[in-house]
Amino acid sequence: MRFDQPATTNPIDQGKVVGRATPRIDGPLKTTGTAPYAYEHHDVTPKPAVGHVIGAGIGKGRVAAMDLRAARAAPGVLAIVTAQNAGKLAKGKMNTAKLLGGPEVDHYHQALAVVVAETFEQARAAAALVSIRYEEAKGRFDLAAEKPHAPIPKDDGQGSPAQTRVGDFEAGFARAPVQLDATYKTPDQSHAMMEPHATIAQWQGRQLTVWTSNQMVDWAVGDLARTLGIPKQNVQVKSPFIGGGFGGKLFLRADVLLAALGARAAGRPVKIALQRPLIANNTTHRPATIQRIRIGAAKDGRISAIGHESWSGDLPGGGPETATAQTRLLYAGAHRYTALHLAVLDLPEGNAMRAPGEAPGMMALEIAMDEMAEKLGIDPIEFRLRNDTQVDPEKPERPFSQRRLAECFRVGAERFGWGRRAPKPAQVREGRWLVGQGVAAAFRNNIVMKSKARVRLDAQGRVTVETDMTDIGTGSYTVIAQTAAEVMGVTLDQVVVRLGDSAFPVSCGSGGQWGGNSSCAGVYAACMKLRGLIAEQAGLGEGAEFADGQVHGAGKTAALATFAGLAAEDGMEYGDLDQRYQQSTFGAHFVEVAVDAVTGEIRVRRMLAVCAAGRILNPTTARSQVIGAMTMGVGAALMEELQVDHRHGFFVNHDLAGYEVPVHADIPHQEVVFLDELDPMSSPLKAKGVGELGICGVAAAVANAVYNATGVRVRDYPVTLDKLLAGLPAVG
């Protein structure tokens, strides 16, 4: 099915199942511990061996010698795989560095070997006996040091220009009577998902099957086949349940490759889970940024010039963090400039983490907007509303498909009690606590991806849906079931959903908040095709109606069970509506904090998100997505930071003890409001993504609230108490 015209009335609009608050259909499996995650497929292969990965102990250089003799002689050892005996390996299309290093070392904890043994304890003990001698080379590990000579790349790594100009920014900024020129910093961050990267690999002749934890099954199949140099049809990837990914499992990683290599070398199935200290340095992370934002405005608050430059770093061949993306679209202004600068760093690979680009970009932009509002003497919400726009600021002839940012702010302001906020900082005290409120816009582009599914009927009238779509905790199983139930006219318990297997039709996968809308659109297409086949076979014509497990038309009624065995496969492809209309999601975040006037300790007390993101397919799962994203935003604001050892090139706090993330005690009541919205330009479902919108702007809202409470402006995330103490108002 091709979607190239705005959606009109269709079966989804019935709203009998889609749009209803529905508990996760996979919830009972997860809460009873019977949902098999990657390392837990105990029944798929007899007595797998266990692999232990050895990561490089230097950040840059080469392996001069590797002594494996003691490890090979250790009890239970079956095989040791290194670059010397692994055979010819290519590099995956979506990998920046080789997944198995040696003799050259590209980054710290790059995998150099896997030790395979009968048990985990034996593999770990033997790995400790491997002796490696390195020749260390001088590496580039400090973004600030590399910033002065970081060039602007040819593009942003995703096909868009790395530098954009509209009008004459320099002249427009120079003429502006009110100006802001400020620099903001965001640190390296880790995905810190609960489930580690893990894989079970099994060879049967030339056929390789891996049970793994991966967000994009088809990408994994392609890159695993490419890396091993085998046909794609010889690889099967299964990933039915994923314990969190946040972008860290978008791509093929070392656990998958080394499990496959270890299984081939040992002649039996092998399971590997990356040990937690390896994950931060061996896999990917959100890169640090240094961002300069310049805003020029008239005294009435209308922006005349806005410029945003961002510096980030990555390994050779990598791409920039696209932190200027939202600035090109969010606020009006005749004169505009954005630029991405990319330094070559020898740190571990920087790549996508929940809302790449917009998440760190909004951390800077939405503080800058507050600072500019203060310079102008205008309320922060009013300043944003004065610079709202219904068209793409770079291409005024291109309207937004839906843009209800102003309504998000107005609804949020009323619900949150924004009118009671003290405009002047450090004015509200409750005992020893300084109290403040902050706000920020939320923005994330809506991406649509082609996606396929297969549906079939059985003798009980059940509808089975098969697609290689994944569920990373987002609720894919449930919204896909709701879509099939709505279109086929059956109850939810009459739908069976099977996901995460490359034997199924290729879906959009999970990432970029495209998963829910795009995968359900593919299911919609397959169900509509099945409806057509049923109507044709029953002689009912095009006007057939599907309801209550039956099909009606032409004065006849037939149970769906009558058509047992009938199946259809189809997918959704897209025309140019996303080019003719700018498709984005919007929101407003409101935060209240209290800061201890003596210690600088910060406590978040209230949070509200108001979101406009098209049809909400399931308010229950969508709310879970948003409050989870809000929680991650608090982490980004107040605690999350991978500490870089600039001497040796690694992240020091590379485990969950040293890398701090919010816990229950850190998070207050969170309220989420979804505006009633349909976007017919997005898909037949008239839905958009919401999973990443929820994080965009949160950190800035927290930082703005801290400033309102204390009068201390922090532009270097995270906002920790040591950055507040010197500026706190006097006590007493």
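Once all protein chains are placed together, Glu40 keeps about 90 Å² accessible to a 1.4 angstrom probe.
Here the gap between Gln579 and Arg410, fully extended at 0.36 nm per residue and compared with their Cα-Cα distance, gives a gain of 57.9 nm. Treating r as the C-beta distance of Ala21 and Ala144 and R0 as 56 Å, the FRET efficiency rounds to 0.75. Working note: Karplus 6.51/-1.76/1.60 with θ = phi - 60° gives the range 196-210 the couplings x, 5, 8, 8, 10, 10, 9, 9, 10, x, 8, 8, 10, 10, 10 Hz, where Gly and Pro are set to x.
In the chain, helical runs assigned H by DSSP with n ≥ 4 each contribute -39500 (n - 2.57); averaged across all residues and rounded to the nearest 500, the mean residue ellipticity at 222 nm is -7000 deg cm²/dmol.
Using the Cα coordinates of the range 338-495, the gyration tensor eigenvalues translate into equivalent-ellipsoid semi-axes of 42, 23, 19 Å, sorted from longest to shortest.
Residues His552, His41, ordered by accessible area of protein heavy atoms at a 1.4 angstrom probe radius and largest first, appear as His552, His41. Taking the dipole about the Cα centre of the chain, with the C-beta of Lys and Arg at +1 and of Asp and Glu at -1, give me whichever of Thr710, Thr478, Leu143 is farthest to the positive side. Checked the options; the winner is Leu143. Using a simple spin-label model with pseudo-atoms 7 Å out from Cα toward Cβ, Arg165 and Gln550 lie 6.9 nm apart.
Computed on protein heavy atoms with a 1.4 Å probe, the accessible areas place Ile472, Ile447 in the order Ile447, Ile472, largest first.
Once backbone amide H atoms are built at 1.01 Å from N, Ala442 has Gly587, Ala588, His589 as its partners under 5 Å, excluding neighbours fewer than 5 places away on the same chain. Over the range 585-732, the alpha carbon radius of gyration divided by the compact-protein estimate 2.2 N^0.38 Å works out to 1.21. Reducing the range 317-390 and the range 202-258 to their Cα centroids gives an inter-centroid distance of 34 Å. Between the amide H of Ser451 and those of Met572, distances stay under 5 Å, these residues lying 5 or more places away or on another chain, with hydrogens modeled in the peptide plane.
Taking all Cα-Cα distances within the range 529-582, those exceeding 17 Å account for 46%. Sorted largest first by accessible area at a 1.4 angstrom probe radius, with every protein chain in place, the residues Asp181, Asp548 fall in the order Asp548, Asp181.
Over all pairs of different C-alpha atoms, the range 247-402 has a mean inverse distance whose reciprocal, the Kirkwood radius, equals 18.3 Å. Listed values for the range 715-720 are Karplus-derived 3J(HN,Hα) couplings in whole Hz (6.51 cos²θ - 1.76 cosθ + 1.60, θ = phi - 60°), namely 10, 10, 6, x, 7, 9, and x replaces Gly and Pro.
Accessible area per residue was computed with a 1.4 Å probe on protein heavy atoms; Val130 scores about 20 Å². Across the accessible surface of the range 130-228, with the other protein chains kept in place and a 1.4 Å probe, carbon and sulfur atoms take up 47 percent.
Each 10 Å bin from zero holds the following percent of Cα-Cα pairs in the range 640-689: 19, 22, 17, 24, 17, 2. Within straight-line reach of Lys375, meaning a Cα separation under 23 Å, sit the following lysines at least 8 residues removed in sequence or on another chain: Lys185, Lys299, Lys424, Lys723.
Evaluated on the range 367-419, the Kirkwood hydrodynamic radius is 12.4 Å, with distances taken between all distinct Cα atoms. When the surface is traced with a 1.4 Å probe over the full set of protein chains, Ser304 keeps roughly 40 Å² accessible. Annotation: extensible slack from Gln460 through His664 equals 69.0 nm (criterion: 0.36 nm per residue apart, minus Cα-Cα distance). Magnitude of the charge dipole for the range 313-433, about its Cα centre and with charges confined to Cβ atoms of Lys, Arg (+1) and Asp, Glu (-1), is about 620 debye. Counted over all Cα-Cα pairs of the chain, pairs farther apart than 43 Å make up 29 percent.
The values are calculated or read from the model by the stated rules, or taken from the named source; none is laboratory data. Worth saying up front: this structure is predicted, and the values here are computed from it rather than measured. Because the Cβ atoms are built from the backbone with ideal geometry, glycine has one as well, and the counts that use them run over all protein chains shown. Areas reflect the complete protein model, heavy atoms only, side chains present, ligands, DNA and RNA absent. Shrake-Rupley method; radii C 1.70, N 1.55, O 1.52, S 1.80 Å.
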